[in-house]
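Asker: Structure incoming, see below.
The values are calculated or read from the model by the stated rules, or taken from the named source; none is laboratory data. These numbers come from a predicted model, not from an experiment. Here Cβ is always computed from backbone atoms with ideal geometry, including for glycine, and neighbour counts include all displayed protein chains. Side chains are part of the model used for accessible areas, which takes the heavy atoms of the whole protein and leaves out ligands, DNA and RNA. Shrake-Rupley method; radii C 1.70, N 1.55, O 1.52, S 1.80 Å.
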Amino acid sequence: MRKINKFFLAVALGLIIFATSSFAQSHNHVIKANPFGLAFGNFNLTYEKVLSHNTSVLFSGSYMYKMFGEDVSAAGLGAGYRWYVTSKKTDVPAGFWITPQAAIGFGKSDNSSITTFTIGAEVGYQWVMRNGFTVDLGIGPNYGFIAGDNTLESTSGVVPSLTLAIGYAF
């Protein structure tokens, strides 16, 4: 009888440890930013919410106060839907991903204003450490539409999209 009690105690303890460590590893939210953006006059923040075992949704906001050394005032909002291709090997929100995305922005400088709209996709990889620290890298093409006021011409074309972000998963 004593051996059975020890066995059940060992199994229960093992399950508790496993459940606790699994719970500690599950992250359903990520907040991240580009650490180099501030050096170039751009602040951005992205929130990622895990939806399922292999998908998440992203919402981002940005504010730019300097561009190529010129003072500007620009803000933008974006959204994306992320598929984690490696979700069977790693827990989401970590692993290799594919993200279709769209963004809109509005800005002005001394004598002109601009409106932008981009739509595109990125591929990349996000690492989530045990302590929740994240590193997110991605690249892809965006098609951008730029509409200016009287002093700027409207234009469109393919522009590169780059993700370099660090953050925290919780």
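Asker: Give just the number: which of (1) open to solvent by less than 20 Å² (accessible area, probe 1.4 Å); (2) polar (S, T, N, Q); (3) not in a strand (DSSP E or B) does Thr90 not satisfy?
Answerer: (1)
Asker: Another question, then. For segment 129-157, what are the residues that are within 15 Å of the chain's Cα centre (by Cα) and open to solvent by 30 Å² or more (accessible area, probe 1.4 Å)?
Answerer: Filtering segment 129-157 down to residues within 15 Å of the chain's Cα centre (by Cα) leaves 132-140.
Result: Phe133, Val135, Leu137, Ile139.
Asker: What number of residues within segment 45-79 satisfy the criterion of being free of Cβ contacts under 8 Å to residues at least 24 places away in the same chain and touching a strand residue (DSSP E or B) at 6+ places or on another chain (Cβ under 9 Å)?
Answerer: Residues that pass the stated criteria total 7.
Asker: For Ala75, state whether it is among the aliphatic types (A, V, I, L, M) and over 23 Å from Asn54 (Cα atoms).
Answerer: Values: among the aliphatic types (A, V, I, L, M): yes; over 23 Å from Asn54 (Cα atoms): yes.
It is true that Ala75 is among the aliphatic types (A, V, I, L, M) and over 23 Å from Asn54 (Cα atoms).
Asker: For segment 46-71, which residues satisfy the criterion of being open to solvent by less than 90 Å² (accessible area, probe 1.4 Å) and closer than 17 Å to Asn28 by Cα?
Answerer: Thr46, Tyr47, Glu48, Lys49, Val50, Ser52, Asn54, Thr55, Ser56, Val57, Leu58, Ser60
Asker: So how many residues does segment 108-128 have that are surrounded by 15 or more Cβ atoms within 10 Å (Cβ to Cβ), modelled with pLDDT under 95 and of a type outside the set (Ser, Thr, Tyr)?
Answerer: Of the residues in segment 108-128, 1 are surrounded by 15 or more Cβ atoms within 10 Å (Cβ to Cβ), modelled with pLDDT under 95 and of a type outside the set (Ser, Thr, Tyr).
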